Amino acid sequence: MSVEKVLAQWQAAEERVRERLAPPGLITRDELRARSGPEFFDDIFSGKLPGIPIGDLVDFVPMEYEPGRFVFQGTPGPQHYNPLGTVHGGYAATLLDSCVGCAVHTMLPAGKGYTTLELKVNYVRPLTTHTGPIRAEGKVVSLTSQIGIAEGRLVDVQGKLYAYATTTCLLFPLPA
């Protein structure tokens with residue numbers, strides 16, 4: 001498929017997702033504890049739960065998920081630049097941390113939560129305002145009762161790799 005077709009598909013898909021999402025906000029611990037990972041994300045994608053606050057701040061959106069996999073999309077802009085003239089590494093790290101953590105979350109039953117213990121990011125090439133839309137795709141590598149491990153890739157519409165990450169997450173019962 002041509003780069004132009006992929007770009008058009010990604011942009012159209014992002015617009016459809018943005019139309020469904022509710023404004024960003026927080027949910028209560030009780031609301032979170034009552035939902036499995038898939039139920040939680042179903043309710044975000046349908047607009048029943050608030051949108052993701054960090055996505056609003058950094059300007060990226062959840063695109064799709066299935067058990068063990070999660071994809072976010074964003075387009076780097078001048079507001080993401082560092083003083084060196086490229087997109088700050090924190091932008092890529094934030095998208096990657098989000099996709100790998102959410103990939104783990106898609107595998108959790110109701111009442112279980114997670115937190116990132118470790119995030120390792122390798123930067124392959126710089127992001128700029130000319131990069132265009134990028135996608136961060138996270139996939140679970142291993143999941144036990146206490147530890148989730150996932151990896152993520154940040155790519156453009158051509159499939160060019162910009163950064164790669166791995167995470168280790170601690171899994172725990174959500175307190176009342």
**OP:** Over the residues of the range 107-176, compute the C-alpha Rg and express it relative to 2.2 N^0.38 Å.
**Re:** 1.36
Subject >> Ranked packing of 4-12, 126-134, most packed first, by mean Cβ within 10 Å >> reply: 126-134, 4-12
**OP:** Could you work out how far the C-alpha centroid of the range 112-176 sits from that of the range 1-52, in angstrom?
**Re:** 17 Å
Original post:
Which cross-chain or sequence-distant (5 or more) residues have an amide H under 5 Å from the amide H of residue 132, H modelled 1.01 Å from N in plane?
Top reply: none
**OP:** Could you point to the residue in 28, 173, 132 farthest towards the positive end of the chain's charge dipole, with +1 and -1 charges on the Cβ of Lys/Arg and Asp/Glu respectively?
**Re:** 173
Original post:
How big is the Rg/Rh ratio for the range 49-116, C-alpha atoms only, Rh by Kirkwood, two decimals?
Top reply: 1.03
**OP:** Please give the peptides 97-103, 115-121 ranked by average Cβ packing (other Cβ atoms within 10 Å per residue), highest first, as a rough proxy for protection.
**Re:** 97-103, 115-121
**OP:** Please give every one of the aspartates and glutamates within straight-line cross-link reach of residue 5, meaning a C-alpha to C-alpha distance under 15 Å, and leave out same-chain neighbours fewer than 8 residues apart.
**Re:** 14, 156
Subject >> Summed residue charge, Cβ within 14 Å of residue 18's Cβ, Lys/Arg positive, Asp/Glu negative >> reply: -4
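Read the figures in this text as sums done on the coordinates, not as results from a lab. None of these values were measured; they are calculated from a predicted model. All Cβ positions, even for glycine, are placed from backbone atoms using ideal geometry, and neighbour counts span all protein chains on display.
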